[in-house]
Amino acid sequence: MTASAFDPARAAMELAEFARRAAELLPALRAAGDDPEAGCARDAVWRRDKVTLYRYRAIAQPKALPPLLIVFALVNRPYILDLAPDRSLIRGLLAAGLDVYLIDWGCPDGADRDLRLADYIDGYLDGAVREILATHGIASLNLLGVCQGGTFSLCYTALHGDAVRNLVTMVTPVDFRTPENLLSRWVADIDIDLMAAGGNVPGQVLNNAFLALQPFRLTQQKYVDLVRSGASPARVAEFLRMERWIFDSPELPAALFRDYVKGCYQENRLVAGTLEIGERKVSLRAITQPVLNIYATQDHIVPPSASLPLAQHIATRDYTAMPVDVGHIGMYVSSRARDTVPPAIAAWLAARPAD
């Protein structure tokens, strides 16, 4: 079968139609709002250095459950979890009656270059947890770790298990050296010490690595799709908030970058049980709490093969793996995840109330 002959007239018509749709889109682009953090109402309830703990205001009848603390990654800002009213993991959790907190790491600068994993896990994260426990007069809470924040949450639970009632991990890397893990291949031969020697690592460096995993889809195709879709002003505003989030990448403290990338991506110390935080080794076998591990079947950043080994390394007798047929970012913003993930988390927690 031979390829169809090129039709210049048809090509010209398609280009003209594309240009027309692009022109129609311009007013919506100009009118789109600028607030990247518009979302559910919340209050800052604790601060330390550049880190802030937020508590979200209830929008539904509260369930009699321990509060849920969300721990997100450092490489991007956490407002992706509350991008728009109909694309919000946090709104879904609130609608299910959960009492939701979020730790926002802020934007580190040169003064933070020496902060290490221990400072974030034994310092900031533990400080936020203890603040919540004191506020509610309880001994333990529920923890939801997302992406890199999931790895932090695993480390925290292994080291501070008394403070965690139930653990939910979402698109969380555990085994960093599986064949499908393209990021680990990308960093395998990089001199991390040299990379961090000059100070903090710009977030855009890692962001470019994420984009390079699917360069056409993540840098060009999405713009073509937006024009072709004839998007409404609301859809355009969502698109722009997403674009703003993708490139809103804070600096990573040099010492933390070295600890995390060398220890996890290059040396795979988390599953080996040799990752050290504050002179203590992190043993995933210390995790005996119920664990819900939510992973994205189409994830190109944290492939399922990086998340699923969790079951082999923890000691809990109550482990649930939940696949969601989305990609990494789709876990936060897709309609499929919106309709399934928050209700599933709420139901899972409700089946495991505090003693």
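What follows is calculated from the coordinates using simple rules that are stated; it is not laboratory data. Quick caveat: nothing in here was measured; it's all calculated off a predicted structure. So basically every Cβ, Gly included, is an ideal-geometry build from the backbone, and we count neighbours across all protein chains shown.
Distances between placed amide hydrogens fall under 5 Å for ILE294 paired with THR169, MET170, VAL171, MET322, all partners being 5 or more residues away or on another chain. Taken one residue at a time, the phi angles of segment 99-116 give Karplus couplings (6.51, -1.76, 1.60, θ = phi - 60°) of 8, 10, 10, 9, 9, 9, 6, x, 10, x, 10, x, 5, 9, 4, 9, 5, 10 Hz. Gly and Pro are set to x. Take the Cβ-Cβ distance between ASP318 and ARG48 as r, set R0 to 30 Å, and report the resulting FRET efficiency rounded to the nearest 0.05. Taking R0 as 30 Å, the efficiency between ASP318 and ARG48 is 0.40.
Each residue, ALA60 and ARG336, gets one label point 7 Å from its Cα in the Cβ direction; the gap between the two is 2.2 nm. Couplings for segment 126-133, taken from phi via the Karplus curve 6.51 cos²θ - 1.76 cosθ + 1.60 with θ = phi - 60°, read 5, x, 5, 4, 5, 5, 5, 4 Hz in order; Gly and Pro are left as x.
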